Amino acid sequence: MYDSPPPSAAPSSPLGEAELRRLETEYCSFGDTVHYLPDPKFFTGCEGSFMYDADGRSFLDLQMWYSAVNFGYRNPRLNAVAQRQLDTLPQVASQYLHREKVELAAAIAQDAQAKFGRKGRVHFNVGGAQAVDDSLKLVRNASGGKSLMFAFEGGYHGRTLGASAITSSYRYRRRYGHFGDRAQFIEFPYHFRGPKGMSKEEYGEHCVAKFARLFETEYNGVLDTKTGQAEYAAFYVEPIQGTGGYVVPPKNFFVELKKVLDRYGILLVVDEIQMGFFRTGKLWSIEHFGVQPDVLVFGKALTNGLNPLSGLWAREELINPEVFPPGSTHSTFNSNPMGTSVGLEVMRMLAEGDYERQVAEKGAYFLEGLRDLQKRWPQIGDVDGLGLALRAEICEADGWTPNKALLDRMAEEGMKGDLEVDGKTLGLILDVGGYYKNVITFAPSLHISREEIDLALKLLDQLLRRCSQG
Ligand SMILES: Cc1ncc(COP(=O)(O)O)c(C=O)c1O
């Protein structure tokens, strides 16, 4: 299974790796990437839960392209659909129609109607941040042009100018000035690092109460108490924080938050770009929390990382053609047939399979393994998760002080590809996230086997042994 690359590994370049690195240094913008490690690896093949390099080394991937490849690399069913589309109608301008676009929009909207009890429509774009930008237009328009938003501390919504204005890190805005209004960032119930002595539920209630306090008098700066009008159009939420470190809020949190929003006519926009498509064991992670969004944004795993496609669902009142007419947003590739055909097959596959049960079972098994590991390694301060969105917070031996340096070493060692398990040599691909960049954010393939989960746990154990001495 994990000892040899698949025969279809990409042909190696006539240029050697050293020359490719030199060309990258000279000709590639570094502005469009994230260099976590000094010499990022060149990969040449992938399959299932594994990536392969030119030397034939295998790497178990526990982040799956930031949760874009939920259904495994080179998924045969999805790749076959992409191939079929390539052979029939791979290109069509978006002013014309193709059936896959219409069927995919209908599948998502009908599912949302069944779950949220509201009719709505689906609007496509290409990348996640672009869909977030589209949602900003939608809520600004629906609120009569209000440009202020609430969002969470630790929230991440992308790096276009619009999306980075509602993303909490100033780092993404610092060099570029403001092209729009920056969101007001509200505390998220990140319980592990919350106030001592509060249960998870109490901390959620505390955060909502702190937010509700903003509306108590006009002097708190968000409400005209004479008219009952809030200055804010919408609240942007990731139900489980993604880049923020796979932080799972308490069950009652969004119900309580939504009550405040409804009181003041503030829309709820749910960003499912990272947690959607069964990452947490449901199509949308917000389904765990018993609230209905006004707008829901999606991307990434919709096409399993094949042709990019993103989009949003919004309830009819916000998006019908009377209020959001043709041309409100547009991108040449926005409902490209390669993407919509794969997206439609993803929706079919999800409807046919028992993903809810399987992801819950695999997630529980993986989480139990992580808890076991935590017993042996005090450096694992916290483990938690929902479905197959799992976290392990790497700390000093006190189990509390964030230890980014240790996790960086682990990520780097994993990429060497020389860990030994059961007589096999392989590597481990980890993603690093969290407020202190000390959280392993696990997003394995939803098709990962128990055997592969066991392997992951052994590899983590070995990485901790190798790196915790330094
Ligand atoms: C929650 C969330 N929103 C938005 C984005 C931006 O999506 P993209 O990188 O496709 O622009 C991401 C990407 O990681 C994300 O995790």
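Report the residue count in region 33-54 for those that are more than 17 Å from Glu413 (Cβ to Cβ) and either of a type outside the set (Phe, Trp, Tyr) or buried (at least 22 other Cβ atoms within 10 Å of the Cβ) (or both).
If we filter region 33-54 for residues that are more than 17 Å from Glu413 (Cβ to Cβ), which is where we start, we get 33-35, 42-50, 52, 54.
Keeping just the survivors that are either of a type outside the set (Phe, Trp, Tyr) or buried (at least 22 other Cβ atoms within 10 Å of the Cβ) (or both) gives 33-35, 44-50, 52, 54.
Of the residues in that region, 12 qualify.
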**Message:** I need a count of the residues in region 344-359 that are out of contact with any Lys or Arg (no Cβ under 9 Å at 6 or more places or on another chain) and crowded, with 16+ Cβ neighbours inside 10 Å.
**Reply:** 4
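Based on what the data block shows, is Phe30 away from the ligand (no atom under 16 Å from the Cβ), under 29 Å from Gly433 (Cβ atoms), open to solvent by 30 Å² or more (accessible area, probe 1.4 Å) and not in a helix (DSSP H, G or I)? Explain how you work it out, then say what you get.
On the way: away from the ligand (no atom under 16 Å from the Cβ): yes; under 29 Å from Gly433 (Cβ atoms): yes; open to solvent by 30 Å² or more (accessible area, probe 1.4 Å): yes; not in a helix (DSSP H, G or I): yes.
Yes, satisfied.
Considering only region 229-240, I want to know if a residue exists there that is of a type in the set (Gly, Ala, Ser), over 24 Å from Gly311 (Cα atoms), out of contact with any Pro (no Cβ under 9 Å at 6 or more places or on another chain) and in a strand (DSSP E or B). Before the answer, list the steps.
First, the residues of region 229-240 that are of a type in the set (Gly, Ala, Ser): 230, 233-234.
Those still in the list that are over 24 Å from Gly311 (Cα atoms) too: 230.
Keeping just the survivors that are out of contact with any Pro (no Cβ under 9 Å at 6 or more places or on another chain) gives 230.
Add one more test, that the residue is in a strand (DSSP E or B), and what stays is 230.
Yes.
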**Complete:** Checked against (1) surrounded by fewer than 24 Cβ atoms within 10 Å (Cβ to Cβ); (2) basic (Lys, Arg); (3) in contact (Cβ under 8 Å) with a residue 40 or more places away in the chain, Lys226 satisfies every condition except (3)
**Request:** Kindly indicate whether any position in region 153-174 is more than 27 Å from Thr33 (Cα to Cα) and surrounded by 15 or more Cβ atoms within 10 Å (Cβ to Cβ).
**Result:** no
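Out of Val139, Val208, I need the residue that is away from the ligand (no atom under 12 Å from the Cβ) and touching an Asp or Glu at 6+ places or on another chain (Cβ under 7 Å). Which one? Show your work before the answer.
Details: Val139 fails: touching an Asp or Glu at 6+ places or on another chain (Cβ under 7 Å).
On inspection, the qualifying residue turns out to be Val208.
Among Phe179, Phe188, which is open to solvent by less than 40 Å² (accessible area, probe 1.4 Å) and more than 12 Å from the ligand (Cβ to nearest atom)?
Details: Phe179 fails: open to solvent by less than 40 Å² (accessible area, probe 1.4 Å).
So the residue among Phe179, Phe188 that is open to solvent by less than 40 Å² (accessible area, probe 1.4 Å) and more than 12 Å from the ligand (Cβ to nearest atom) is Phe188.
Identify the residue in region 161-183 that is in a loop (DSSP other than H, G, I, E, B) and among the hydrophobic types (A, V, I, L, M, F, W, C) and, among all such residues, is nearest to Leu136 (Cα to Cα). Break it down stepwise before answering.
Taking region 161-183 as the starting set, the residues that turn out to be in a loop (DSSP other than H, G, I, E, B) are 166-169, 173-183.
Adding the requirement that they be among the hydrophobic types (A, V, I, L, M, F, W, C) leaves 166, 179, 183.
Numbers: Ile166: 10, Phe179: 13, Ala183: 11 Å.
My answer is Ile166.
Select from region 309-323 the residues that are crowded, with 19+ Cβ neighbours inside 10 Å and not basic (Lys, Arg) and write down the one among them that is nearest to the chain's Cα centre (by Cα). Don't jump to the end; show me each part of the working.
Quick first cut of region 309-323, residues crowded, with 19+ Cβ neighbours inside 10 Å only: 309-315, 318-319.
Cutting the leftovers down to not basic (Lys, Arg) gives us 309-314, 318-319.
Details: Leu309: 14, Ser310: 12, Gly311: 14, Leu312: 15, Trp313: 17, Ala314: 19, Leu318: 25, Ile319: 24 Å.
Within region 309-323, the match that is nearest to the chain's Cα centre (by Cα) is Ser310.
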**Complete:** Turns out the strands (runs of 3 or more DSSP E) fully within region 381-470 with at least 2 residues that are under 27 Å from Gln274 (Cα atoms), open to solvent by less than 10 Å² (accessible area, probe 1.4 Å) and in contact (Cβ under 8 Å) with a residue 24 or more places away in the chain are 389-394, 424-429, 439-442
**Message:** Which residue is nearest to Pro308 (Cα to Cα), if the candidates are limited to region 126-136 and must be touching a His at 6+ places or on another chain (Cβ under 9 Å) and near the ligand (Cβ under 10 Å from one of its atoms)?
**Reply:** Gly128
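Would you mind finding the one in Leu296, Leu283, Leu306 that is part of a strand (DSSP E or B), within 24 Å of Met347 (Cα to Cα) and either open to solvent by less than 20 Å² (accessible area, probe 1.4 Å) or away from the ligand (no atom under 11 Å from the Cβ) (or both)? Let's see the steps before the verdict.
Details: Leu283 fails: part of a strand (DSSP E or B); Leu306 fails: part of a strand (DSSP E or B).
Unique residue meeting the criteria: Leu296.
Restricting to region 191-210, what's the tally of residues that are aliphatic (A, V, I, L, M) and open to solvent by 40 Å² or more (accessible area, probe 1.4 Å)?
Of all residues in region 191-210, those aliphatic (A, V, I, L, M) come to 198, 208-209.
If we keep only those that are open to solvent by 40 Å² or more (accessible area, probe 1.4 Å) as well, we get 198, 209.
Number satisfying all stated conditions: 2.
Condition check ((1) open to solvent by 10 Å² or more (accessible area, probe 1.4 Å); (2) away from the ligand (no atom under 11 Å from the Cβ); (3) not hydrophobic (A, V, I, L, M, F, W, C)) across all residues:
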position	(1), (2), (3)
Glu238	yes, no, yes
Gly244	no, no, yes
Val247	no, yes, no
Lys251	yes, yes, yes
Phe254	no, yes, no
Lys258	yes, yes, yes
Tyr264	yes, yes, yes
Val270	no, no, no
Gln274	yes, no, yes
**Prompt:** Here are some residues: Tyr264, Tyr176, Tyr219, Tyr232. Which one is more than 18 Å from Arg391 (Cα to Cα) and modelled with pLDDT under 95?
**Reply:** Tyr176
**Asked** Out of Tyr96, Tyr172, Tyr156, which single residue is within 16 Å of the ligand (Cβ to nearest atom), farther than 20 Å from Val269 by Cα, out of contact with any Cys (no Cβ under 9 Å at 6 or more places or on another chain) and of a type in the set (Phe, Trp, Tyr)?
**Response** Tyr172
**Message:** Which numbered condition in (1) more than 16 Å from the ligand (Cβ to nearest atom); (2) surrounded by 15 or more Cβ atoms within 10 Å (Cβ to Cβ); (3) not in a loop (DSSP other than H, G, I, E, B) is the only one that Phe215 fails?
**Reply:** (3)
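Could you pull out the residue among Gly327, Gly339 that is in a helix (DSSP H, G or I) and within 27 Å of Val295 (Cβ to Cβ)? Reasoning before the result, please.
Working: Gly327 fails: in a helix (DSSP H, G or I).
Just a single option satisfies the conditions, and that option is Gly339.
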**Residue count for region 309-328, restricted to those that are closer than 28 Å to Lys258 by Cα and either basic (Lys, Arg) or within 16 Å of the ligand (Cβ to nearest atom) (or both)** = 5
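Condition first: among the small types (Gly, Ala, Ser) and farther than 18 Å from His123 by Cβ. Now tell me which residues in region 269-300 satisfy that. If you could, list the steps in order and put the result at the bottom.
So the first thing to find is which residues in region 269-300 are among the small types (Gly, Ala, Ser), and the list is 276, 281, 285, 290, 299.
Of everything in region 269-300, those that are among the small types (Gly, Ala, Ser) and farther than 18 Å from His123 by Cβ turn out to be Gly281, Ser285, Gly290.
The values are calculated or read from the model by the stated rules, or taken from the named source; none is laboratory data. Just so you know, these numbers come straight off a predicted model, no measurement behind them. Neighbour counts are summed over all protein chains in view; Cβ atoms, including those assigned to glycine, are modelled from backbone coordinates with ideal geometry. SASA here: full protein model, heavy atoms, side chains in, ligands and nucleic acids out. Shrake-Rupley method; radii C 1.70, N 1.55, O 1.52, S 1.80 Å.
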